[in-house]
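What follows is a single structure, written as structure tokens, with notes after it.
The values are calculated or read from the model by the stated rules, or taken from the named source; none is laboratory data. Treat the numbers as computed from the prediction; the structure is a model and nothing was measured. Neighbour counts run over all protein chains shown; Cβ positions are idealised from the backbone, glycine included.
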Amino acid sequence: MDTVKLSSGEFVPLEMHKARIVQRITLEPIEQRKRAIEEAGFNTFLLKNRHVFLDMLTDSGVNAMSIEQQAAMLLADDSYAGSETYYRLEQALMDFFGTRYFLPTHQGRAAENVLANSFIQPGLVALMNFHFTTTKALVTLRGGSVLELVSEAGLEIESDLPFKGDFDLASLNAEIERLGTDNIAFVRAEAGTNLIGGQPISMGNMRAVSAVCKEKGLLSVLDASLLADNLYFIKTREAGFADVDLATITRELGQLFDIIYFSARKLGCVRGGGIVTNNEELYKQMRGFVPLFEGFLTYGGMSVREMEALAVGLRETLDFDVISQTPIFVRALTEELTRKGVPTVTPAGGLGCHINAFKFLPHIKQSHYPAGALAAAVFLAGGIRGMERGTLSEQRNPDGSEPLAEMELLRLAFPKRVFSLSQVKYIADRVAWLFANRELVGGLRFVEEPPTLRFFFGRLEPLGNWPQQLVDAFRCDFGDSL
Ligand SMILES: Cc1ncc(COP(=O)(O)O)c(C=O)c1O
């Protein structure tokens with residue numbers, strides 16, 4: 001895909017697929033959008049889809065399937081135990097990661113729940129390059145804690161570092177020394193590090209982390225939910241990998257880590273999840289939790305139709321043209337926004353384009369949730385639904401104090417193979433308009449704040465009348481345009 005050049009030299013995210021089934025979407029007038037976001041308590045998770053024009057909340061479970069995946073669904077063998085579908089998927093995972101044992105779960109956090117129940121005890125620490133919301137919530141629920149060891153340079157929002165998700169190896173060694181191996185539950189590497197902007201971890205770093213774990217006798221875990229994007233970046237950014245095929249890289253990962261788990265809502269473009277390992281003891285240690293929390297061992301809460309589609313989706317993940325689509329669309333939007341002066345996370349990563357709310361809305365205090373306010377404002381400006389990834393997504397400390405996030409980001413996720421280039425241009429236009437009118441946007445405060453995962457169901461209100469001011473400015477500039 002990267003080899004297609006236009007005569008102008010311009011970079012264009014050329015689609016290596018065509019649409020065979022489409023879904024009608026509507027763009028409501030801004031006054032209607034204001035009512036919708038008010039009803040949603042200024043929380044984009046609570047918006048009804050009927051009010052959303054471009055749903056960029058996540059890529060989770062909303063990726064476009066291929067015709068081969070759709071066709072495979074018809075082959076599903078529906079039975080409680082011993083389904084042929086399970087054995088086909090087990091084989092597909094063996095081919096993909098080269099691992100022997102597979103535990104199905106209904107989604108990624110369910111795999112994390114099995115891991116937390118198997119390996120976290122009160123007081124134990126889970127070391128990771130960076131946390132993911134559900135991972136951290138499940139570890140802390142079991143009385144453990146999370147320590148993040150991504151290098152400081154990885155947290156610089158604007159940078160040209162190709163692998164911002166890499167562990168700081170010196171800190172990893174120092175923390176193992178300080179804590180003692182008995183106090184560490186596992187070391188978890190997250191591919192395509194979600195909360196720092198979909199930033200990849202290099203193969204070199206994963207090899208080094210694995211070697212440290214093997215040497216110290218620590219359990220190593222890979223969260224492969226965002227592996228597809230990460231594979232693209234290993235191929236395109238890491239020295240020595242341009243000519244290595246994706247299957248070889250993926251199979252090596254299966255040897256590097258004791259346990260790999262994934263959200264198949266992301267990896268494989270279906271709705272499900274799973275855990276794989278080569279270690280029979282670990283498999284047996286985790287196995288009992290699957291029928292308890294998920295469903296019998298041969299479906300684990302997944303529909304057999306999705307399992308068939310996942311087997312195909314995994315094979316398609318090894319096709320460079322398939323996995324290129326998201327990163328090149330993220331890059332196209334990031335570059336367009338950068339040209340228009342909008343502050344974004346650079347280099348462009350996978351998953352989505354990440355806008356830096358610290359810089360976009362410097363007048364809003366972090367305790368007034370700049371990234372949350374930006375999410376609401378972008379919905380108002382364009383009917384575009386993104387996701388806050390900042391202080392709102394954190395949870396309060398046990399003493400009730402509020403940890404301020406390292407970054408205040410608005411993520412505009414790209415569901416795989418869903419959006420077109422004209423939609424990207426529209427997004428860039430509306431976000432740039434908002435940037436020009438940024439001083440109108442104010443902060444938010446909670447009116448209802450749940451104790452866990454508050455970003456999912458919490459309700460907020462604007463500080464001041466800024467949503468109406470934004471509507472007035474929009475009408476002034478765009479007349480009666482939608
Ligand atoms: C890195 C990572 N891990 C785990 C999960 C949880 O997966 P799921 O949403 O399927 O529960 C996600 C979901 O976004 C993720 O991005």
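Quick notes on this one:
- Test result for Thr334, surrounded by 24 or more Cβ atoms within 10 Å (Cβ to Cβ) and among the hydroxyl-bearing types (Ser, Thr, Tyr): yes
- Some residue of the range 327-336 being within 16 Å of the ligand (Cβ to nearest atom) and either in a helix (DSSP H, G or I) or under 28 Å from Gly458 (Cα atoms) (or both): yes
- Residue count, the range 396-424 (criterion: touching a Leu at 6+ places or on another chain (Cβ under 7 Å) and among the polar types (S, T, N, Q)): 1
- Residue check, Gly268 under 16 Å from the mean Cα position of the chain (by Cα), outside any strand (DSSP E or B), surrounded by 18 or more Cβ atoms within 10 Å (Cβ to Cβ) and not assigned by TED's automatic domain parsing to the domain that holds Leu161: no
- Those residues of the range 337-379 which are small (Gly, Ala, Ser), under 17 Å from Lys164 (Cβ atoms) and either in a loop (DSSP other than H, G, I, E, B) or away from the ligand (no atom under 16 Å from the Cβ) (or both), in sequence order: Ala348, Gly349, Gly350
- Here is the figure for the range 395-437: residues that are more than 29 Å from Arg35 (Cβ to Cβ) and either assigned by TED's automatic domain parsing to the domain that holds Ala264 or in a loop (DSSP other than H, G, I, E, B) (or both) total 15.
- Every condition in (1) within 21 Å of Asp258 (Cα to Cα); (2) without any contact (Cβ under 8 Å) to a residue 40 or more places away in the chain; (3) out of contact with any Ser or Thr (no Cβ under 7 Å at 6 or more places or on another chain) holds for Asp168 except the one numbered (3).
- Here Gly217 fits the description: more than 14 Å from the ligand (Cβ to nearest atom), surrounded by fewer than 20 Cβ atoms within 10 Å (Cβ to Cβ), in the same structural domain as Val125 (by TED's automatic domain parsing) and not hydrophobic (A, V, I, L, M, F, W, C).
- The test for being touching a residue at least 24 places away in the same chain (Cβ under 8 Å), crowded, with 24+ Cβ neighbours inside 10 Å and in contact with a Lys or Arg (Cβ under 7 Å, 6 or more places away or on another chain) does not hold for Met206.
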